[in-house]
Amino acid sequence: MMYDVAVIGSGPGGYVAAIYAAIQGKKTVIFEKGNIGGTCLNVGCIPTKALLASAELLKKIKHSEDFGIEVEGVKINTETMFNQKEEIVQKLRKGVEGLLKGHKIDIVNEKATLKEKGKVHTQSGEYQANSIIIATGSEPLDIPGMETDGNLILNSTHALSCKELPEKAVVIGGGVIGIEFASIWSTLGVQVEVVEMADEIIPAADKEIAKRLRLMLKKNKIKFHTKTKVEALDKKDNSVLVKLDNKKEIEADKVLVAVGRKLNLEYIELDVEMEGRFIKTDPTMKTSVDGVYAIGDITSIWQLAHVASSQAFVAVDSICGKEAYFSYRAIPSCVYSIPEIAWCGKTEDELKENGEPYKKGMFRFSALGKAMALREKDGFVKVLSDEMDNILGVHIIGPKATELISEANLALASRLKLYEWGGVIHAHPTLSEILMEAVHDAENHCIHSI
């Protein structure tokens, strides 16, 4: 059968590409070997946020007396917690399936192999397409000596199905996935220790933000071992002995291995140019093979759902002959820990290393009325700009950081000057005022700080 567009993978890049292509009048087929929605919807972004919501609610209940509300007899029902997580996933999955079918997109639930341009092979037959978009994503990486078994040694997918909370857990990897699970588990009462080989957790984040996050997580009784490697995992009957390179040993009921992701390229047999371990693309998401495009995790270190979705629009526009280019200049990064952190643009560390002159504005949530009313006073916002008031980066730690970052990223993407952003009226009292205050501080006229 002949199609205008064939999409391999139905994650946030793939299904967006397929639907947008159909909206543009293209006859489209999408291939998915697993569940529609990909990693993000089924075993990633969405289910972790559902569990996080339960953890955050428990934290608020434990501090309800601060608001004059006394609560007794609080219990954790993990069965209900995990069931509601799965209900959310199933509802969203059916929603995406409905959208694909509503746009008359053919869905092929089989493994798809790409051996030559213009043709996709499955067990049931061959599909031809004028344009092919590879959106196969990634999956948890198994490290030699730390192979996961789904019982004692887990990856992130296993952890989302672990309905019995361990008494003690070790998280190997202090990156985004590791820290999010550490936050969820510790808030639910699990003793958690995090092992990270880098100098600091969340290595991609601004170091000042990452350090503050680690200190705030320590208050929630999470223990950290930075600059430390795991030498071996010795499994026992009902526990794992984690041996560190500093000769320390930690025994835990469960070990979560969160040290990276493997690109799903095993069925891409096409001779396409690579850039390191990623498929090389130009700004229109074209690969070195005519008529073949790539989007999402397989194209860069920016393994984020919203990056894949944005790239999907660019790829389809390019297929349709429209002028479209993808830029990595303004991308929001979020860590859904407790507390949250988020950022966009350059870090202060980058600017220092590159010798770039910059201005810095900061404002703390502890001086913000809405944050005080919410009893969410920990954290701050940092705004970085050059000497011409061009915004270079924005970094947030604190309440609703992952929501607030969108305004900051809009300012960065729109190339607003400090005075233009700072001149926007922000409603009072709101958490978003902290962005305005930090900008005013960078301009040396912040009213609410000395």
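The values are calculated or read from the model by the stated rules, or taken from the named source; none is laboratory data. Note that the structure is a prediction, hence the values are computed from the model and not measured. All Cβ positions, glycine included, derive from the backbone under ideal geometry; neighbour counts span all protein chains shown.
Would you confirm whether any residue within segment 69-76 is in contact (Cβ under 8 Å) with a residue 12 or more places away in the chain, assigned by TED's automatic domain parsing to the domain that holds residue 312, of a type in the set (A, V, I, L, M, F, W, C) and buried (at least 21 other Cβ atoms within 10 Å of the Cβ)?
Keep residues of segment 69-76 that are in contact (Cβ under 8 Å) with a residue 12 or more places away in the chain, which gives 74, 76.
Narrowing the set further to residues that are assigned by TED's automatic domain parsing to the domain that holds residue 312 leaves 74, 76.
From what's left, of a type in the set (A, V, I, L, M, F, W, C): 74, 76.
If we keep only those that are buried (at least 21 other Cβ atoms within 10 Å of the Cβ) as well, we get none.
Taking every residue of segment 69-76 in turn, none turns out to be in contact (Cβ under 8 Å) with a residue 12 or more places away in the chain, assigned by TED's automatic domain parsing to the domain that holds residue 312, of a type in the set (A, V, I, L, M, F, W, C) and buried (at least 21 other Cβ atoms within 10 Å of the Cβ).
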Right, residue 231: closer than 27 Å to residue 149 by Cβ and part of a strand (DSSP E or B) or not?
yes
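Condition check ((1) over 30 Å from residue 119 (Cα atoms); (2) of a type outside the set (D, E, K, R); (3) surrounded by 22 or more Cβ atoms within 10 Å (Cβ to Cβ); (4) modelled with pLDDT under 95) across all residues:
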{"site": "295", "(1), (2), (3), (4)": "no, yes, yes, no"}
{"site": "309", "(1), (2), (3), (4)": "no, yes, no, no"}
{"site": "335", "(1), (2), (3), (4)": "yes, yes, yes, no"}
{"site": "352", "(1), (2), (3), (4)": "yes, no, no, no"}
{"site": "357", "(1), (2), (3), (4)": "yes, yes, no, no"}
{"site": "361", "(1), (2), (3), (4)": "yes, yes, yes, no"}
{"site": "385", "(1), (2), (3), (4)": "yes, yes, yes, no"}
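Kindly check whether there is at least one residue in segment 311-334 that is part of a strand (DSSP E or B), in contact (Cβ under 8 Å) with a residue 40 or more places away in the chain and not assigned by TED's automatic domain parsing to the domain that holds residue 400.
Restricting attention to segment 311-334, the residues satisfying the condition of being part of a strand (DSSP E or B) are 333-334.
Keeping just the survivors that are in contact (Cβ under 8 Å) with a residue 40 or more places away in the chain gives 333-334.
Remaining after also requiring not assigned by TED's automatic domain parsing to the domain that holds residue 400: 333-334.
Checked segment 311-334: at least one residue is part of a strand (DSSP E or B), in contact (Cβ under 8 Å) with a residue 40 or more places away in the chain and not assigned by TED's automatic domain parsing to the domain that holds residue 400.
Going by the conditions given, is residue 310 more than 30 Å from residue 53 (Cα to Cα), hydroxyl-bearing (Ser, Thr, Tyr) and out of contact with any Ser or Thr (no Cβ under 7 Å at 6 or more places or on another chain)? Full working, then the answer.
On the way: more than 30 Å from residue 53 (Cα to Cα): no; hydroxyl-bearing (Ser, Thr, Tyr): yes; out of contact with any Ser or Thr (no Cβ under 7 Å at 6 or more places or on another chain): yes.
Considered against the rule, which asks whether it is more than 30 Å from residue 53 (Cα to Cα), hydroxyl-bearing (Ser, Thr, Tyr) and out of contact with any Ser or Thr (no Cβ under 7 Å at 6 or more places or on another chain), residue 310 comes out as no.
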Among the listed residues 19, 30, 36, identify the single one that is assigned to a helix (DSSP H, G or I), at pLDDT 95 or above and of a type in the set (Val, Ile, Thr).
19
When residues of segment 180-201 are limited to those that are in contact with a strand residue (DSSP E or B) (Cβ under 6 Å, 6 or more places away or on another chain) and aliphatic (A, V, I, L, M), the one nearest to residue 228 (Cα to Cα):
195
I want to confirm something. Restricting to segment 356-402 and keeping residues that are in contact (Cβ under 8 Å) with a residue 24 or more places away in the chain and assigned to a helix (DSSP H, G or I), which single residue is farthest from residue 67 (Cα to Cα)?
402
